[in-house]
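Undergrad: This is the structure I have questions about; it appears just below.
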Amino acid sequence: MQPFKLLLTAVACGIITHQVQAMTDHELIREIIRTTQPLSQPRGDRLPLYLWPAHNLGTEDESEIVELLQQLEARGIAAIATWRPYDQAALDEALRLGTIQQRLGLPIAVNANACTYSFFDGDERTAHVDDQGKPFFDPSFGHQPMGCPFALDFRLPEMRRRLAEPSAAYAGAGLELHFVFADWEIDGPIEWNGAWEHSRRCTRCREHIPDIEDFTSFQTSLRQIRSALQRQMLAEPILEHHPHALVGNYAVYPHNGYRYWFDYFEEFVEGAPHKIDGRARYRKWYHEFPETGYTFAMPVVYTWQDIYGWYDFDAPDYRWFYNMLKVGSNAGKSTPADIPVITFVHWHTVLLSDPPPPGLQQFSEEKYQELLWHLLLRGHDTLFMWSVKDEALKESQLVHQVYAASHEYGDFLLHGEPVTFAVPARPGPVVSAVRWDGKLLVRRTDFDATQEPVELQLEDRTLLIPRKDGQCQVIALE
């Protein structure tokens, strides 16, 4: 998620972070390198770790760029270039970075988000049309003038060109893109907030969605258009020139038909199908991923403030862990094994109000890192840490410690098969496991005082998993 899109406070339940606000980008990346350790072994075929601060190395000196890239690669961290629409200087800088990366044998990663905004650019031709023939927009998404989902065809060639030109430029320079992502959120068709209400006022929407009074029909129509726009704007222009690239977008991933979290701009729509869990409302969601053409999944596992108040668990950490593991398990279980899962993660409380809600407790560092371990053992291939600047150093350290330690079990995580996606309904032992080569890699995390072994059902046998706080266990199956 882009930093400029959120009004975040640096206060996390009374703990103020001052770590890096005054640092330059160059100083921040240097400090991340200084405070993280090189991997115990080369990362090999595992995907790198993606960190938001690695978008800008903060130097134009080629020898220093080489040195920074080598230091980052030693830690398994990828440097990320940025594309901007019709900005030749930015493209030249990105191409230069990519040339050095390819020369060093490093993957080329790109943030293409700026090129994806906006289909709804304020042009009156993108507006809804009322019964009197007058155009109108939907203001329920804040500053973005959201209009009619059936009025965007004329915008597609322009939006596609924004991605096709840099993609072709890389191919023309002999550079192979490995990873291209976007954070395309508040634009194009979205069914939440006031969208349903405004579409029912629109003559064009009513014409194209005969069953518009049914929310599922409305959602299906909008998500089909949204998926097609993403495929034609982002996936196809990249894959045309770089057929082996990983291409994807924030919050687009395979799932079980439900979404267990709300993005910062989303409001529930009364009448939308959902499931109740405590005070949580898990929304029915359209299966959009197959229609986008994306080649990796990008779930979002964040500490959204409201999550904490959805549940009444006595163990404060389990309020966070429970929901975030449900999100992660949903994506891990639902994504085919040949589709990498690259997961947006964040630790500091997101959208923290001032003052915070009574009783709110920040997710502990220990249990956040346990959550990251469980994601890796439930089919997530790597992690993408997003952060605002003053939280970036701590966030980078927490996620890198887990990523670095996980390389001890690289074969399990590269070649193994997750065997459980269970999320206990109450605080207690939580077990994740990956099977490979006749062995089981297990992580058990406890949220109560249980000391006894817990059962893990594996097909026709029952395994007893002892408590070993903060440790992985390798269990022979033969």
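We did not get these values from a lab; they are worked out from the coordinates using the rules stated. The structure displayed is predicted, hence computed values, not measured ones. Please note: Cβ atoms are built from the backbone with ideal geometry, for glycine as well, and neighbour counts cover all protein chains shown.
Undergrad: Going by amide H atoms built from the backbone, whose H comes under 5 Å of the H on LEU458, apart from near neighbours?
TA: Excluding prolines and chain starts, which carry no amide H, the hits are LEU463.
Undergrad: Classify segment 3-416 from the C-alpha gyration tensor, please: rounded if a/c falls under 1.5, else prolate or oblate depending on whether a/b exceeds b/c.
TA: Numbers: a/c = 1.71, a/b = 1.22, b/c = 1.40.
Verdict is oblate for segment 3-416.
Undergrad: Ranking request for peptides 338-350, 86-98, 283-295, 316-328: highest mean number of other beta-carbon atoms within 10 Å first, then the rest in descending order. Working shown, then result.
TA: Values: 338-350: 21.8, 86-98: 16.1, 283-295: 18.4, 316-328: 23.7.
Top to bottom by mean Cβ count within 10 Å: 316-328, 338-350, 283-295, 86-98.
Undergrad: Need the full-extension length gain, ALA89 to THR216, defined as separation in residues times 0.36 nm minus the C-alpha distance. One decimal, nm. Walk me through the numbers before you get to the answer.
TA: Working: separation 127, 0.36 × 127 = 45.72 nm, distance 4.49 nm.
Between ALA89 and THR216, full extension yields an extra 41.2 nm.
Undergrad: Based on the mean of other beta carbon atoms within 10 Å per residue, what is the order of 302-312, 453-463, most packed first?
TA: Numbers: 302-312: 18.4, 453-463: 12.3.
Final packing ranking: 302-312, 453-463.
Undergrad: Also: Which lysines, if any, have their Cα less than 29 Å from the Cα of LYS394, not counting same-chain residues under 8 positions apart?
TA: Reachable lysines: LYS5, LYS326, LYS367, LYS468.
Undergrad: What percent do you get for the relative contact order of the chain when only Cα pairs under 8 Å and 6+ apart count?
TA: 15 percent
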